[in-house]
Amino acid sequence: MIEHHEVYVDGAWVTPAGAGSIDVHDAATGDVMATVPECAAAIVDDAVAAAAAASGAWSATAAADRAKYVQAIAEGIEARATELAATISREVGMPIALAGPIQVGLSVTHARAMVELAATFPWEERIANSVVVREPIGVVGAIAPWNYPLNQIAVKVFPALLAGNTVVVKPSEVAPLSAFALAEIVDAAGLGAGVFNLVSGYGPVVGEALAAHPAVDMVSFTGSTRAGKRVAEVASATAKKVALEMGGKSACILLDDADFPKAVKAAVNNAYLNGGQTCSAWTRLLVPETRRDEAVELARRAAESFTVGDPGEPGVKLGPMVSAVQRDRVVGYIRKGIEEGATLVTGGPDAPEGVGGGYYVQPTVFADVEPSMTIAQEEIFGPVLSILTYTDDDDAVSIANGTVYGLAGGVFGADEDRAVAVARRLRTGQVDVNGGPYNPLAPFGGYKQSGYGRENGRFGLEEFCEVKSLQFRD
């Protein structure tokens, strides 16, 4: 049992006045594994004031020196990697074999990318008779989700710090423990007081106070589309910059010449990563009408190969949902799919066999899904794959683009030129062609109601910079 009674503000651990406590649950058992402070909005004033006071000195620190601090934080994360992976696995439900390289490893990767960028990023450049300079925005509020709790803080905090901004972080109350560990690591790295601040609490209280605060110059948010819209609405009162990475309903298109055994397996693995609790998951599999039966059978086999169980156990491929609320939400969508007439291929709303306690859902596949069905339009955030059929490439593109989202996608086809042509027509921020791997230096972000702004690499660094031009006589 871990008990946090303090938050990190102005370089010190402080007990927030009037705070209650929030229980953090072990996703595999449902037991309370930790508590963190339930802060009132007043703590945001203290954290933002500290960040604002530190802004001048931190922004005046050379980029190379700021990079050294980011490097020190990365080394601190690496030193606690085993502990952090185990903690996140218990909080979120991701199998431990994946939590290490993905949840923790990618955080370190993003930190190192920022360190390398410090030496090559165009902080100043000459354009005709102008010198264009990139400067810090100021105080950044970072609001993070629960599904990748450390990594989604990393892609905000590391570029923000490197760009010379000070930050106030609000982690998700559902999975906040890695953020508290990060604050300990930051403290040990010796950043000046107020450069990094951590406050915990619920979104409608602490998150809204951060988004609304007049001394916060930018808010970077990752989470649901509903919550992201609220952040943008609240932030608009002070006309601050907002970056939103929100929901997705991504499609994976299998062209008629694709290697179906390979492609379907890849699509199912992608859809079920982190229990399907991934905003960029390919939750819609689009296949030609003529190959419907083949795709359905391959998807069934792939789904049924997923061993469901305690994420800390070796060999488990699918852990629990993060919470009882999330489990019930996913089960509700499965029932909705059945009610609306989709064919249940495997899985279903009942709890998996052989698991006691925890928030488990069966790996589920639906076939004969119509584009208008709820499970084809709304983000489920669980291990549920919907298979839809199409008639030709134009029809596939139309179906893929036929939601309010546009975060990610995939295209598989033997003719790469044709696959790329289809990928270019998708209204989405990322498309993997024939299983192209995740690139942490490539821009990540959405079209439409998946959000705006980009994370990762130089694109993520640019988000946290203001651009100024100085004009000179020739």
Subject >> Acute angle (nearest 10 degrees) that the helix 105-120 long axis makes with the longest principal axis of the chain, alpha-carbon atoms >> reply: 50 degrees
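Give me the number: length gained by fully extending THR343 to ALA60, i.e. 0.36 nm times residue separation minus the C-alpha to C-alpha distance, one decimal in nm.
Values: separation 283, 0.36 × 283 = 101.88 nm, distance 6.07 nm.
Result: 95.8 nm gained on full extension.
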Original post:
How much length, in nm to one decimal, is gained on full extension between TYR202 and LEU441, taken as 0.36 nm per residue of separation minus their Cα-Cα distance?
Top reply: 82.9 nm
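Looking only at the range 250-440, where both bridge partners belong to it, what percent of the DSSP beta bridges are antiparallel (to the nearest 5)? The partial results should precede the final answer.
Working: 3 of 22 bridges.
Of the beta bridges lying entirely in the range 250-440, close to 15 percent run antiparallel.
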**OP:** Please give, to one decimal in nm, the separation of the simple spin-label points placed at ALA17 and THR120, each 7 Å out from Cα toward the Cβ.
**Re:** 5.0 nm
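Can you tell me which of 144-155, 291-302 comes out highest on packing, and rank the rest after it, using the mean Cβ neighbours within 10 Å?
On the way: 144-155: 26.1, 291-302: 18.2.
Highest-to-lowest ranking by the protection proxy: 144-155, 291-302.
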**OP:** Per residue of the range 73-80, in order, report the coupling 6.51 cos²θ - 1.76 cosθ + 1.60 (Karplus, θ = phi - 60°) as ³J(HN,Hα) in whole Hz, putting x for Gly and Pro.
**Re:** 5, 4, 5, x, 5, 4, 5, 10
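Given a Förster distance of 45 angstrom, what is the FRET efficiency for GLU313 paired with ASP293, based on the Cβ-Cβ distance and rounded to 0.05? Write out the running numbers ahead of the final one.
Details: r = 35 Å, r/R0 = 0.77.
Using R0 = 45 Å, I get an efficiency of 0.80.
How much length is gained on full extension from ALA53 to ILE2, taking 0.36 nm per residue of separation minus their Cα-Cα distance? Before the final figure, lay out the partial values.
Values: separation 51, 0.36 × 51 = 18.36 nm, distance 3.18 nm.
Full extension from ALA53 to ILE2 adds 15.2 nm.
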Subject >> Considering only the chain, percent of DSSP beta bridges that pair antiparallel, nearest 5 >> reply: 40 percent
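I need the calculated FRET efficiency for the pair ASP474 and THR238, taking r as the beta carbon distance and R₀ as 45 Å, to the nearest 0.05. Mind dumping the intermediate values first?
Values: r = 39 Å, r/R0 = 0.87.
With R0 = 45 Å, the Cβ-Cβ based efficiency is 0.70.
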**OP:** Would you please give the residues with an amide H less than 5 Å from that of LEU285, counting only those at least 5 places away or on a separate chain, with H modeled from the backbone geometry?
**Re:** CYS252, SER386, ILE387, LEU388
Original post:
Where does the chain land at 222 nm, in deg cm²/dmol rounded to the nearest 500, when only DSSP H runs of n ≥ 4 count, each adding -39500 (n - 2.57), divided by all residues?
Top reply: -11500 deg cm²/dmol
Original post:
Can you count the Lys pairs in the chain with C-alpha separation below 18 Å, eight or more apart or on different chains?
Top reply: 17
Original post:
So how far apart, in nm, are the two label points at ALA79 and PHE459 if each is 7 Å from Cα heading toward Cβ?
Top reply: 3.4 nm
**OP:** Please give, to one decimal in nm, the separation of the simple spin-label points placed at THR29 and ARG418, each 7 Å out from Cα toward the Cβ.
**Re:** 5.4 nm
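Which of rounded, prolate or oblate describes the chain when judged by the alpha-carbon gyration tensor and an a/c cut-off of 1.5? Display every interim value, and only then the final one.
On the way: a/c = 2.01, a/b = 1.37, b/c = 1.47.
Oblate, since a/c reaches 1.5 and b/c is not below a/b.
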Original post:
Can you list the HN-Hα couplings for the range 39-44, worked out from phi with the Karplus curve (6.51, -1.76, 1.60; θ = phi - 60°), rounded to whole Hz and with x for Gly and Pro?
Top reply: 7, 8, 4, 4, 5, 5
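What FRET efficiency comes out for ALA324 versus ASP257 if R0 is 41 angstrom and r is the Cβ-Cβ distance? Round to the nearest 0.05.
For ALA324 and ASP257, the calculated efficiency is 0.40.
What is the sum of charges around GLY207, taking Lys and Arg as +1, Asp and Glu as -1, for the other residues whose C-beta is under 11 Å from the C-beta of GLY207?
Net charge around GLY207: 0.
Laboratory data are not the source of any read-out in this text; all were calculated from the coordinates shown. Keep in mind that what you see is a predicted model, and the values were worked out from it rather than measured. With ideal geometry, Cβ positions are generated from the backbone for all residues, glycine too; neighbour counts draw on all protein chains shown.
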